[in-house]
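Reviewing the structure listed below.
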Amino acid sequence: MYKRVLLKLSGEALSSANNIFDKDVLDDLARQIKVIQEMGVEIAIVVGGGNFIRGKMAEEIGIERAQVDSMGMLGTVINALAIQGSLENIGVETRVQSAIEMSKIAEPFIPRRAIRHLEKGRVVIFGAGTGSAFFSTDTTAALRASEIDADVILMAKNGVDGVYNADPKIDPKAVKYDSLTYMQVLQEQLQVMDSTATSMCMDNDIELIVFNMNEKDNIIKAVEGNSKGTRVTT
């Protein structure tokens, strides 16, 4: 269905109950990405850092939010390198680009260079969020998708198969949406992504598919248009 996609992953999705990284998850993620690449689809990735630290922990640990966000951005780079390692283990050429300069381990983020890597068949993994505090990696995904002119954002959720009108883990009567508009997301305050990211996707006419990454081959299915998740459009 798509020529160029941006895959948004949470940091927690890479971890297990006892480990910061789950090898089986990383290996399966790499396998699916390789299949997608072999289909002729260009793929970029934005990964969160929630398996290390989240902004809402600032008050809990007594450190100001901007500092905690900086710690989280470093966590996303660690996750990007973990994904890179798993991909390169199976022969997929990758580049990690960081919004914070760290030339020893990653390229600086340069949109035209990222696009050129994608055109050459490389997977590009964006780390360090936007490079600024107070912005989520959801916003990073919307921003990077706009900058590289991606057709769609594939938002891989950990254990949730789409967008609901309430938390399905709490409310057994929660209703799942098959499709939505960004205006509905904003008006109904649905927990898809933060309002900054939602507005950016709406303004730049970027399609969003929210799906459960824990179901077998669901990233591949999302690229093919066969996911059972929720489709969000303008």
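With THR196, THR234 as the choices, which residue is open to solvent by 30 Å² or more (accessible area, probe 1.4 Å), over 30 Å from VAL68 (Cβ atoms) and touching a helix residue (DSSP H, G or I) at 6+ places or on another chain (Cβ under 8 Å)? Even if it seems obvious, please write down each step before you answer.
Working: THR196 fails: over 30 Å from VAL68 (Cβ atoms).
None of the others qualify; the one that does is THR234.
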Margin query: Can you say whether ALA156 is of a type in the set (Gly, Ala, Ser), part of a strand (DSSP E or B) and within 19 Å of SER15 (Cα to Cα), as far as the supplied structure shows?
Written below: yes
Next item on the list: Out of the residues in region 37-56 that are crowded, with 23+ Cβ neighbours inside 10 Å and among the aliphatic types (A, V, I, L, M), state the one that is farthest from GLY129 (Cα to Cα).
Entry: ILE43
Note to self: Given the criterion in contact with a Leu (Cβ under 6 Å, 6 or more places away or on another chain), surrounded by 19 or more Cβ atoms within 10 Å (Cβ to Cβ) and either outside any strand (DSSP E or B) or free of Cβ contacts under 8 Å to residues at least 60 places away in the same chain (or both), identify the matching residue among ALA145, ALA114, ALA80.
What the structure shows: ALA145
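Of the residues GLU88, GLU101, which is open to solvent by 30 Å² or more (accessible area, probe 1.4 Å), part of a helix (DSSP H, G or I) and of a type outside the set (Lys, Arg)?
Working: GLU101 fails: part of a helix (DSSP H, G or I).
Testing whether each residue is open to solvent by 30 Å² or more (accessible area, probe 1.4 Å), part of a helix (DSSP H, G or I) and of a type outside the set (Lys, Arg) leaves just GLU88.
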Check: Exactly one of (1) open to solvent by 60 Å² or more (accessible area, probe 1.4 Å); (2) not in a helix (DSSP H, G or I) is unmet by LEU74. Its number?
Finding: (2)
Item checked: Unique residue being within 23 Å of GLY55 (Cα to Cα) and either surrounded by fewer than 16 Cβ atoms within 10 Å (Cβ to Cβ) or without any contact (Cβ under 8 Å) to a residue 12 or more places away in the chain (or both) when the list is SER136, SER132 -> SER132
Note to self: modelled with pLDDT of 95 or more and not charged (D, E, K, R): is that true of GLY159 in this structure?
What the structure shows: no
Check: Taking interchain pairs and intrachain pairs at least six residues apart, which have beta carbon atoms under 7 angstrom, with the first residue in region 209-234 and without any contact (Cβ under 8 Å) to a residue 40 or more places away in the chain and the second among the polar types (S, T, N, Q) and surrounded by 15 or more Cβ atoms within 10 Å (Cβ to Cβ)?
Finding: LYS221/SER227; SER227/ASN218
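The values are calculated or read from the model by the stated rules, or taken from the named source; none is laboratory data. The structure presented is a predicted model; accordingly, all values stated were derived computationally and were not measured. When we count neighbours, we look across all protein chains shown, and the Cβ atoms used for this are built from the backbone with ideal geometry, even at glycine. SASA here: full protein model, heavy atoms, side chains in, ligands and nucleic acids out. Shrake-Rupley method; radii C 1.70, N 1.55, O 1.52, S 1.80 Å.
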